[in-house]
1. Quick one: of B:LYS103/B:LYS157; A:LYS141/A:LYS195; A:LYS25/A:LYS199; B:LYS35/B:LYS140, which pairs are farther than 20 Å apart, Cα to Cα?
2. Would you kindly give the portion of the calculated P(r) for the range B:184-305 that falls above 16 Å, as a percent of all Cα pairs?
3. Picking from A:LYS161, A:LYS147, A:LYS25, which is most flexible by a Gaussian network model of chain A using Cα springs under 10 Å?
4. When ranked by the protection proxy of mean other Cβ atoms within 10 Å per residue, highest first, what sequence do the peptides B:285-293, A:32-40 form?
5. Which residue, A:PHE27, A:PHE60, A:PHE80, has the most motion in a Gaussian network model of chain A that connects Cα atoms within less than 10 Å?
6. Each residue of the range A:106-120 in turn: what ³J(HN,Hα) in whole Hz from Karplus with 6.51, -1.76, 1.60 and θ = phi - 60°, glycine and Pro shown as x?
7. When chain B is modelled as a GNM with alpha-carbon springs shorter than 10 Å, which of B:VAL265, B:VAL167, B:VAL33 fluctuates the most?
8. Can you classify the range B:174-214 as rounded, prolate or oblate using the Cα gyration tensor, where a ≥ b ≥ c are the square roots of its eigenvalues, rounded means a/c under 1.5, and otherwise it's prolate if a/b beats b/c and oblate if not?
Amino acid sequence: MEDIEDITKHKLLIVEGTDEQNFFKVFLRHLSLDDIQVMNMRGKSKIRAKLRALTLAPNFSDVTSLGIIRDADDDPSGAFQSVCDAIRGAGLVAPRRQLSFTRGNPKTGIMVLPQPGSKGMLEDVCLNSINDTQEMDCIIKYLDCIKKHTGTLPSNISKSKLYSFLATKEPGLRLGEAALRSVWRWDNPAFEQIKRFLKLL
Amino acid sequence: MLHSFTIENFRCFQDFVIKPLERINLIAGKNNVGKTALIEGMFLFAGATNPQLAMSINVFRGIEAFELKPELLTETPWNSLFLNFDENKMIRLTGIDVNGKSKRERRLHMKIERKESELVMKRVPDREKEGFIVSELKGKTLELTYTDESKKVIKTKLIIDGNRIRVDTSPVPVPYNAIFIAARTRINAAEDAQRYSNIEIVGQQDVLLDILKLIEPKLKRLTIVVSAGVPMIFGDIGLDRLLPLPIMGDGMARVCSLVLAIANVQNGIVFIDEIENGIHHSIMEKIWTGIAEAARRFNTQVVATTHSRECIASAYSAFNRSERYDFLFHRLERGNGTIEAKTYDKETLEAAIETGFEVR
């Protein structure tokens, strides 16, 4: 039997998975936004039914603010539209654009990562935050060396760079675990847009 | 089959509707939110022309005796049926069933009838200096008015008469045959044997056997054995003797009891309070499969309550695998002084279970 997640706060931030949940919990703690509960949708699929299940859950009637963060992947506008459709399907008012909240009850807001209009994911935001590090210089040289000797590179170069960076801290480290180990420098401008969204919640 | 049900001023419900209902319905919610009260209201409605059910539902809750005290005018055996014990408000129970394109609405109204002329005034000389007047309960009546789908009205009454309760009714059929299996009721072997005999008379006993085989594949046949003067269902699992069903496990006896109830109210409704009682979660899915098969076979509707997430997940799983998803899960929630039913369709319940969102 899976862990049961009960609504315990008036503000909810909905994310895609456990790793994202850990990441944003630490981020919110850093911002001293303790009145926001991060809930895990366990994947992108069936988001319409999952949001509907959330609105039927005990204590949802006490929720005043609902923020949803998801990855754009290859289709930034499709990702935004699918979340809007899911919000409407759950009987709530959807925002017209990203990074702003409706006036409904609960108010709703959406942010598609890495930033509105761009393809990519949370990993890209994190990667932007470490681009200027010494480790990243070494990783770029390492990947250049691989390409020179094998003629190939991984299909998702951003992810390869990021997880190579995290492996310098601990092999197998994931984004959320890295947040728990204070790897991310929250004051880096790469996190600024997310920070503004979370403060609007 | 009930498609929707509305309650006004009954137990904890001021104004409540549950809609839609399916063949099998499972109700959850926090303690004291009204799960048992809801199925009690539906049970009263199902047997709307039988006023004694107004007493029976208190017995199901363990209130088996009531002292009639003439000096306590406010206390009646049925005041707990009324919202906030306020007998001035009328209880209204309305059920709609849908058969193809036609809708049939039936109503049961319950009120206290207080005609001044029926009250007996009596002087009690020793209580106060000048004595005082009390009204005896004689004549205080619970009046039940049932209106059927053709608007025909049938009135029945429970009348307090001295220290006893008189039933004023005429033999008319109830809207729905119904059985209420209370949370605290132990399995009654003799009653189950009687119900088994009822289905054997019409040659339907193999339906029960097939369903019990889901739990005990070695089961070959069932029969009634009278032991110490009490009839009991025994089963043959290939040993050199028959075994009483409860010896094969609580799950066997429980599912047998549930299926027999379903089979005995063909075209009616079975209400089961705390369906998970006495059943290990590992066989819950099989039990739901059995209940579904029996309910479809006998065209019986089932409304059950539960506190168990495992029971809810098992029901989802059983119906998801089944030939038809004729199941709905409803969660009762109290908020702003009212109680609401939140109904989960298949996709929503699946999503709630997958994500781990609370559903109880």
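Quick note: the coordinates plus some simple rules give every number you see, no bench work behind them. Every value quoted in this text rests on a predicted model; they were computed, and no experiment measured them. Note: ideal-geometry Cβ built from the backbone for every residue, glycine included; neighbour counts use all protein chains shown.
1. Flagged as over cut-off: B:LYS103/B:LYS157; A:LYS141/A:LYS195; B:LYS35/B:LYS140.
2. Details: 4280 of 7381 pairs.
For the range B:184-305, the fraction of Cα-Cα distances above 16 Å is 58 percent.
3. Among A:LYS161, A:LYS147, A:LYS25, the largest GNM mean-square fluctuation belongs to A:LYS147.
4. On the way: B:285-293: 22.7, A:32-40: 16.3.
Top of the packing list down: B:285-293, A:32-40.
5. A:PHE60
6. Per residue, the Karplus-derived 3J(HN,Hα) values read x, 6, 10, x, 10, 10, 9, 8, x, 6, x, x, 10, 6, x Hz.
7. B:VAL167
8. Working: a/c = 1.77, a/b = 1.29, b/c = 1.38.
Oblate, since a/c reaches 1.5 and b/c is not below a/b.
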